[in-house]
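Worksheet for the structure shown next.
The values are calculated or read from the model by the stated rules, or taken from the named source; none is laboratory data. On a predicted model such as this, the values are computed, not experimentally measured, just so you know. Positions of Cβ are generated from backbone atoms using ideal geometry, with glycine treated the same way; all protein chains shown enter the neighbour counts. Ligands, DNA and RNA are excluded from the accessible area calculation, which covers all protein heavy atoms including side chains. Shrake-Rupley method; radii C 1.70, N 1.55, O 1.52, S 1.80 Å.
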Amino acid sequence: MGFGGNNNMNIRRTLNEIIKIIKDTIFPAHCFGCDTEGKFVCDDCYRTLDLSGVFCCPVCHVHNETGRPCIACTQKIYIDRHVAITPYTEDALIGDMMHSFKYHYAEDVREVFARMIDDFFSSHAIEVDAIIAVPLHRRRYVERGFNQSEIIAQFVARSLHIPIVHNLIRSRHTRQQAKLHRDERLKNLYNAFTIENPHELVGKRILVVDDVFTTGSTVSECAKVLKEAQVGEVVSFSVARG
Ligand SMILES: [Zn+2]
Ligand SMILES: [Zn+2]
């Protein structure tokens, strides 16, 4: 890249900064927690978030220390363990943050998630070889413009210094899980995912990343195809757990 390219990049960066200043002036950020002007989550409200981790059976929600399924539940789910940073409550600060992250164009709230992830992993070790974000189908990606799991996965990758791989593909468009009952959810997900280049994953420990974990049926379906591809261990990670 010559001088022209660098100049163009500098101009673009300057433009982005100007746009940000204008945006902040017209639509100043207000804290989701206390409405103070300045940041999407002020430092005082950030400290109210419980970042101590949620470790419980991914099926029946009984608390334990590892996030592994209890013996009776092992047959009902394909993931080996689930780890979340914080409990999910819709009408609390975390719920507002998630809603804004998913449905509005609030880029700055992403940085709050990045901070939560860095803080969490600075005191919780997790040993995996690669990270996979729960994929969105191309059609939904086009509707939304981004995959929220991919953004979370990028922050986790940066925090843990572990690469993201893209071997898991959403092969079939599915209806939105949130609108379905549990039985319908499982039917809806049948054959929704496929693996590309499965030999790359043999014996690996994979961290499957999502934004919120509720019934776990989507992640379990991902884990099922990963296990069929001879993956060694599937750990599920989400920022919040319902
Ligand atoms: Zn606040
Ligand atoms: Zn259980």
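Please go through the range 97-137 and give me each residue that is in contact with an Asp or Glu (Cβ under 6 Å, 6 or more places away or on another chain) and open to solvent by 20 Å² or more (accessible area, probe 1.4 Å), ordered by number.
Within the range 97-137, none qualify.
Val41 - would you say it is surrounded by 12 or more Cβ atoms within 10 Å (Cβ to Cβ) and on the phi < 0 side of the Ramachandran plot? Outline the logic, then answer.
Working: surrounded by 12 or more Cβ atoms within 10 Å (Cβ to Cβ): yes; on the phi < 0 side of the Ramachandran plot: yes.
Yes, satisfied.
Checking Ile79 against (1) touching a residue at least 24 places away in the same chain (Cβ under 8 Å); (2) farther than 15 Å from Asp210 by Cα; (3) within 13 Å of ligand 2 (Cβ to nearest atom): exactly one of these is not met. Which one?
(2)
Where in the range 1-112 are there helices (runs of 4 or more DSSP H), lying fully within it, with 3 or more residues that are within 16 Å of ligand 1 (Cβ to nearest atom), of a type in the set (A, V, I, L, M, F, W, C) and assigned by TED's automatic domain parsing to the domain that holds Thr218? Don't jump to the end; show me each part of the working.
Details: elements: 3-26, 43-46, 93-103.
Per the criteria, 93-103.
Does at least one position in the range 166-176 carry a residue that is of a type in the set (A, V, I, L, M, F, W, C), in the same structural domain as Arg138 (by TED's automatic domain parsing), open to solvent by less than 70 Å² (accessible area, probe 1.4 Å) and modelled with pLDDT of 95 or more?
Going residue by residue through the range 166-176, those that are of a type in the set (A, V, I, L, M, F, W, C) are 168-169.
Retained after the next criterion (residues that are in the same structural domain as Arg138 (by TED's automatic domain parsing)): 168-169.
Retained after the next criterion (residues that are open to solvent by less than 70 Å² (accessible area, probe 1.4 Å)): 168-169.
Imposing the further condition that a residue be modelled with pLDDT of 95 or more reduces the set to 168.
Yes, there is a match, as at least one residue in the range 166-176 is of a type in the set (A, V, I, L, M, F, W, C), in the same structural domain as Arg138 (by TED's automatic domain parsing), open to solvent by less than 70 Å² (accessible area, probe 1.4 Å) and modelled with pLDDT of 95 or more.
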